[in-house]
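Note sheet for the following structure.
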Amino acid sequence: MEKPTGDPEKILLKDLEKEYSRLQFLVETGKTHVTKEVEVSIKAGEIVGDLYDAFLEQYKNPESEETLKSLNKLCVRLVLCLYAEDAGIFGKHSMFHDYLDQYETRHMRKAHIDLFRVLNQKEEERDKYMNEDLAAFPYVNGGLFAEEDIEIPPFTDEIRELLLVKASQGFDWSLISLTIFGAVFESTLNPETRRKGGMHYTSIENIHKVIDTLFWTT
């Protein structure tokens, strides 16, 4: 091959068909980025799957439709709290972790019930004498925490460690791709698709419709 001479940009454009390999770095960079997003999002899905399975064992009627609905809602709430503390939405890094870390396993269930209730209350509706660690959490709009009657089972030492160590301390939820994780997450929360290895895809537009409206405070 004849050695290029003159202006390298002109030669690249003129001989683009033959010199396309010079642009390979652009493709490889994008591919690496997407690969990383996939890896992180799949890891997040695995963490949710571990929590899902551990919680499911604690329900008295694990096969009932009401149990599965409650478990799905519980997992969605937990993921939102984990994402919010890492993405700065709660205002302080590790806020969710630090709140839960003060409770022993036997008190974790009530700690979540109290937190979920507060996240659904505007500041003026809250008990003005509530603990400061609870009062520091923002009001979450969108109705995700509106149902107070979802069934939350007792926590175990395994669940406590999964949540505080593996899911919170050991993982940065702000790195996930909402597009990819949305699909993994839906698959994780659907026992049928989990058994079949299938996956229901949620578009980035629909994911943003949910995520972007959840944290408007008034």
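Derivation of every value follows stated rules applied to the coordinates shown; laboratory data play no part. As the structure is a prediction and not an experimental result, all values here were calculated from the model. Backbone-built Cβ (ideal geometry, glycine too); neighbour counts: all protein chains shown.
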> What's the FRET efficiency of Lys36 with Glu158 using the Cβ-Cβ distance as r and R₀ = 25 Å, to the nearest 0.05?
Replying inline: 0.30
> With r defined as the distance between the Cβ atoms of Gln58 and Asp98 and R0 fixed at 22 Å, what FRET efficiency is calculated, to the nearest 0.05?
Replying inline: 0.35
> What ranking, highest mean first, results for peptides 54-64, 77-87 when packing means the other Cβ atoms within 10 Å averaged over each residue?
Replying inline: 77-87, 54-64
> Which of Leu115, His97, Leu71 sits closest to the plus end of the dipole of segment 65-126, meaning its Cα is farthest towards the positive end, when Lys and Arg get +1 and Asp and Glu get -1 on the C-beta?
Replying inline: Leu71
> Taking the Cα-to-Cβ direction at Ser174 and at Ile150 and moving 7 Å from each Cα, how far apart do the two end points lie in nm?
Replying inline: 2.5
> So how far apart, in nm, are the two label points at Val76 and Met130 if each is 7 Å from Cα heading toward Cβ?
Replying inline: 2.1
